[in-house]
Amino acid sequence: MQFRVFRYDPDKDDKPYMKDYEVELEPTDQMLLDALVRIKEQDDSLSLRRSCREGVCGSDAMNINGKNGLACTTKLSELKQPVELKPLPGLPVIRDLIVDMTQFFKQYHSIKPYLVNNDPPPEKERLQSPEEREELNGLYECILCACCSTSCPSFWWNPDKFVGPAGLLHAYRFLADTRDQAAAERLDNLEDPYRLFRCHSIMNCVDVCPKGLNPTEAIGKIKTMMVKRAV
Amino acid sequence: MVNRTVVGAHYGLKDWLAQRVSAVVMAVYTIVFGVVWLSGGPFSYNSWKSLFSQGWMRFATLLFVLSMLYHAWVGVRDIWMDYVKNTGLRLLLEVVTVLWLVGCGGWAVQVLWRS
């Protein structure tokens with residue numbers, strides 16, 4: 001199987017280039033990550049992040065034939081050859097397929113991704129009704145792989161100011177949590193032309209999310225909450 | 001001045017909402033105008049003029065124009081905010097946009113109420 005892989009080592013290369021690889025696959029090689037491991041056997045100078053190899057850790061997010069996705073959950077049989085692999089767009093490249101996620105996590109931290117509740121902790125746990133818990137489905141599953149944010153043009157143009165789809169999905173995850181007491185502060189923090197309203201609902205995020213989540217819908221719900229408290 | 005990234009202007013909801021409302025106004029006007037114009041008979045200067053001499057048509061058209069101007073303001077400002085990094089240049093472009101749109105609004109009023 002044929003691959004074209006983005007290569008860049010800032011210590012050696014003046015500029016990035018695409019390198020071609022021909023890989024003999026074994027019958028057990030089903031996913032793109034399996035092929036990448038074969039490429040690495042051929043050429044151990046190739047750098048990439050990987051860990052759980054089953055779509056849980058979000059380490060091996062990359063641009064696959066022009067679309068962001070996880071190498072470990074992308075089936076080789078569904079890919080057009082030569083398979084073009086590039087690092088996630090919009091973030092600085094550290095080396096080859098590895099990008100610097102600092103900006104992405106800065107935005108994630110800016111929405112205070114933890115439960116704020118000043119009541120003394122109960123003996124056992126803070127309870128929710130099944131309906132209240134239901135609201136968190138489709139939100140808590142995000143693995144922070146950054147496929148969505150790095151496919152979002154608004155995040156490309158303003159990564160320092162726009163929270164991005166992943167951060168905003170998490171913001172709504174805590175806004176939707178009935179155990180959280182900081183909804184007003186959270187909305188104040190997001191009511192900003194850059195932090196929230198750079199989202200123009202083009203839904204690239206929904207298109208690429210490897211977990212099938214819908215950040216655009218979550219962003220819409222944040223806006224609805226703001227309208228609710230304003231009108 | 002230190003070059004820090006600052007956010008937290010705390011506006012945007014009103015504009016976002018106004019953009020939606022103005023879109024609905026424009027869509028409804030377009031449908032109503034299309035129906036009235038196409039069912040109105042001979043397409044002549046006189047029928048066009050008599051259509052726009054009616055009070056309700058001027059009222060509706062003014063609402064359409066105002067909606068379009070506000071919609072355009074939010075949309076064009078979004079483009080400047082997305083792509084123009086230099087604050088001074090962005091401010092200049094936003095001011096020019098406002099002045100241009102306000103001028104267009106005045107012109108539209110003059111066209112509508114010219115007997």
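The values are calculated or read from the model by the stated rules, or taken from the named source; none is laboratory data. No experiment lies behind these values; they were computed from the predicted model shown. Positions of Cβ are generated from backbone atoms using ideal geometry, with glycine treated the same way; all protein chains shown enter the neighbour counts.
Just to be sure before I move on: is residue A:117 farther than 18 Å from residue A:5 by Cβ, in contact (Cβ under 8 Å) with a residue 12 or more places away in the chain and out of contact with any strand residue (DSSP E or B) (no Cβ under 9 Å at 6 or more places or on another chain) in the structure I sent?
Working: farther than 18 Å from residue A:5 by Cβ: yes; in contact (Cβ under 8 Å) with a residue 12 or more places away in the chain: yes; out of contact with any strand residue (DSSP E or B) (no Cβ under 9 Å at 6 or more places or on another chain): yes.
For residue A:117, the condition - farther than 18 Å from residue A:5 by Cβ, in contact (Cβ under 8 Å) with a residue 12 or more places away in the chain and out of contact with any strand residue (DSSP E or B) (no Cβ under 9 Å at 6 or more places or on another chain) - is met.
Restricting to the stretch B:17-53, name every residue that is surrounded by 12 or more Cβ atoms within 10 Å (Cβ to Cβ) and assigned to a loop (DSSP other than H, G, I, E, B).
Listed by number, the list holds a single entry, B:40.
Quick one: residue B:38 ticks every box in (1) away from chain A (no Cβ under 14 Å); (2) under 25 Å from residue A:224 (Cα atoms); (3) of a type outside the set (Phe, Trp, Tyr) except a single one, so which number is it?
(2)
Every residue in the stretch B:67-81 that is away from chain A (no Cβ under 14 Å) and farther than 12 Å from residue B:29 by Cα, please. Give the steps one after another, and end with the answer.
Going residue by residue through the stretch B:67-81, those that are away from chain A (no Cβ under 14 Å) are B:67-70, B:72.
Within the stretch B:67-81, B:69, B:70, B:72 meet the criteria.
Quick check on my filter: what residues within the stretch A:18-55 are loosely packed, with under 11 Cβ neighbours inside 10 Å, in contact with a strand residue (DSSP E or B) (Cβ under 7 Å, 6 or more places away or on another chain) and of a type outside the set (Asp, Glu)? Reasoning before the result, please.
To start, the set of residues in the stretch A:18-55 that are loosely packed, with under 11 Cβ neighbours inside 10 Å comprises A:20, A:22, A:24, A:26-28, A:41, A:44.
Filter once more, so that each one left must be in contact with a strand residue (DSSP E or B) (Cβ under 7 Å, 6 or more places away or on another chain): A:20, A:22.
Of everything in the stretch A:18-55, nothing turns out to be loosely packed, with under 11 Cβ neighbours inside 10 Å, in contact with a strand residue (DSSP E or B) (Cβ under 7 Å, 6 or more places away or on another chain) and of a type outside the set (Asp, Glu).
Which fully enclosed helices (runs of 4 or more DSSP H) of the stretch A:129-181 have 2 or more residues being away from every other protein chain (no Cβ under 13 Å)? If you could, list the steps in order and put the result at the bottom.
Working: elements: A:130-134, A:153-157, A:164-175.
Of the helices (runs of 4 or more DSSP H) lying wholly inside the stretch A:129-181, those with at least 2 residues that are away from every other protein chain (no Cβ under 13 Å) span A:130-134, A:164-175.
Just to check your reading of the model, which residue among A:14, A:20, A:9, A:34 is assigned to a loop (DSSP other than H, G, I, E, B), under 20 Å from residue A:84 (Cβ atoms) and of a type in the set (Asp, Glu)? Working first, answer last.
Details: A:14 fails: under 20 Å from residue A:84 (Cβ atoms); A:20 fails: assigned to a loop (DSSP other than H, G, I, E, B); A:34 fails: assigned to a loop (DSSP other than H, G, I, E, B).
It is A:9.
Which numbered condition trips up residue B:64, out of (1) within 14 Å of chain A (Cβ to nearest Cβ); (2) under 30 Å from residue A:231 (Cα atoms); (3) surrounded by 13 or more Cβ atoms within 10 Å (Cβ to Cβ)?
With (1) within 14 Å of chain A (Cβ to nearest Cβ); (2) under 30 Å from residue A:231 (Cα atoms); (3) surrounded by 13 or more Cβ atoms within 10 Å (Cβ to Cβ) applied to residue B:64, the lone miss is (1).
Within the stretch A:182-231, restricting attention to residues that are in a helix (DSSP H, G or I) and among the acidic types (Asp, Glu), which residue is farthest from the other protein chains (Cβ to nearest Cβ)? Let's see the steps before the verdict.
Restricting attention to the stretch A:182-231, the residues satisfying the condition of being in a helix (DSSP H, G or I) are A:183-190, A:204-208, A:215-230.
From the residues that got through so far, the ones that are among the acidic types (Asp, Glu) too are A:185, A:188, A:207, A:217.
Values: A:185: 12, A:188: 7, A:207: 20, A:217: 16 Å.
Of everything passing the filter in the stretch A:182-231, A:207 is farthest from the other protein chains (Cβ to nearest Cβ).
State yes or no: is residue A:222 β-branched (Val, Ile, Thr), surrounded by fewer than 16 Cβ atoms within 10 Å (Cβ to Cβ), touching a residue at least 12 places away in the same chain (Cβ under 8 Å) and not assigned by TED's automatic domain parsing to the domain that holds residue A:68? Steps first, please.
On the way: β-branched (Val, Ile, Thr): yes; surrounded by fewer than 16 Cβ atoms within 10 Å (Cβ to Cβ): no; touching a residue at least 12 places away in the same chain (Cβ under 8 Å): yes; not assigned by TED's automatic domain parsing to the domain that holds residue A:68: yes.
No.
Of all residues in the stretch B:1-16, which are more than 7 Å from every other protein chain (Cβ to nearest Cβ), assigned to a loop (DSSP other than H, G, I, E, B) and within 26 Å of residue A:225 (Cβ to Cβ)?
Residues of the stretch B:1-16 that are more than 7 Å from every other protein chain (Cβ to nearest Cβ), as a first pass: B:1-4, B:6, B:14-15.
Going one step further and asking which of them are assigned to a loop (DSSP other than H, G, I, E, B), we end up with B:1-4, B:6.
Answer for the stretch B:1-16, where residues must be more than 7 Å from every other protein chain (Cβ to nearest Cβ), assigned to a loop (DSSP other than H, G, I, E, B) and within 26 Å of residue A:225 (Cβ to Cβ): just B:6.
Right, residue A:100: over 21 Å from residue B:10 (Cβ atoms) and touching a strand residue (DSSP E or B) at 6+ places or on another chain (Cβ under 6 Å) or not?
Numbers: over 21 Å from residue B:10 (Cβ atoms): yes; touching a strand residue (DSSP E or B) at 6+ places or on another chain (Cβ under 6 Å): yes.
It is true that residue A:100 is over 21 Å from residue B:10 (Cβ atoms) and touching a strand residue (DSSP E or B) at 6+ places or on another chain (Cβ under 6 Å).
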